[in-house]
Amino acid sequence: MTRVVIGVGNPDCGDDAVGRRAAALMRVAAPPRVEIIERDGETTALLAAMNGAELAIFIDACVSGAAPGAVRRFDVARAPLPQSEFAASSHGLGLATAIELARALGDLPRVCIVYAIEGESFAQGAPLSRAAEAGAIEAARLALAELRA
C-alpha cells in the first residue's frame with residue numbers, strides 16, 4: 001500500500017506554513033513505507049503528490065473561526081472539505097479544489113484524510129505562531145497514530 005503525508009503551506013506566510021511544520025515533525029517518527037512530502041499547495045503539485053496512493057493524509061492551515069491552533073479531521077473520501085474554510089488560499093486554487101478534481105478524475109485515494117489547523121496570522125514574513133506550532137504538534141501526533149492503526 002502506498003501511503004503519503006502531504007504537509008501543505010507557504011513557509012514565508014506565518015501560520016500558512018503549519019502543514020509543512022507538521023510534516024517535518026512527522027519525518028523523524030513516521031512508520032516504514034510512508035512518504036512525507038511538503039508542498040506549497042499548488043493544485044497540480046497536490047494531484048501529483050497523491051497520485052497512485054491508497055492512503056493520503058493532508059495537513060494544512062484553515063480559517064474557520066475556531067481557536068487558533070485547533071485541529072480538525074476531515075474524511076474527504078466520504079465528503080468534500082467545507083469550501084468556506086478552505087476558500088481563501090495562498091496556494092491559488094488550493095487543497096479543496098485539488099481534492100475535488102482528484103475525485104472527479106477517479107484519482108482520489110481510497111483513504112484520504114485532511115487535518116486542518118486553525119491559523120492566526122498569515123502575514124508575509126511572519127513566523128509560525130505559538131498556537132499554530134501547538135496545532136502542528138497535535139496534528140502530527142494524530143496523523144502518526146492513524147498511520148500506525
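The values are calculated or read from the model by the stated rules, or taken from the named source; none is laboratory data. On a predicted model such as this, the values are computed, not experimentally measured, just so you know. Neighbour counts run over all protein chains shown; Cβ positions are idealised from the backbone, glycine included.
For the range 122-149, the set of residues classified as of a type in the set (A, V, I, L, M, F, W, C), loosely packed, with under 12 Cβ neighbours inside 10 Å and assigned to a helix (DSSP H, G or I) consists of Ala145 only. If you go through the range 48-65 and keep only what is assigned to a loop (DSSP other than H, G, I, E, B) and surrounded by 15 or more Cβ atoms within 10 Å (Cβ to Cβ), you end up with Ala53, Val63. Exactly one condition in (1) closer than 20 Å to Phe122 by Cβ; (2) at pLDDT below 95 is false for Ala30; which is it? Exception for Ala30: condition (1).
Residues of the range 1-57 that are of a type in the set (Gly, Ala, Ser) and farther than 20 Å from Phe74 by Cα: Gly14, Ala24, Ala29, Ala30, Ala45, Ala48, Gly52.
Within the range 1-28, being touching a Phe, Trp or Tyr at 6+ places or on another chain (Cβ under 8 Å) and assigned to a loop (DSSP other than H, G, I, E, B) holds for one residue alone: Cys13.
Taking the criterion of being in contact (Cβ under 8 Å) with a residue 24 or more places away in the chain and in a loop (DSSP other than H, G, I, E, B), the residues of the range 29-47 that qualify are Ala29, Ala30, Pro31, Arg33, Asp40, Gly41, Glu42. Summed over the range 14-47, residues that are under 14 Å from Ala132 (Cβ atoms) and surrounded by fewer than 19 Cβ atoms within 10 Å (Cβ to Cβ) total 1.
Condition check ((1) in contact with a Pro (Cβ under 9 Å, 6 or more places away or on another chain); (2) of a type in the set (Val, Ile, Thr); (3) within 18 Å of Ser64 (Cα to Cα)) across all residues:
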{"residue": "Leu95", "(1), (2), (3)": "no, no, yes"}
{"residue": "Glu100", "(1), (2), (3)": "yes, no, no"}
{"residue": "Glu118", "(1), (2), (3)": "yes, no, yes"}
{"residue": "Ile137", "(1), (2), (3)": "no, yes, no"}
{"residue": "Leu142", "(1), (2), (3)": "no, no, no"}
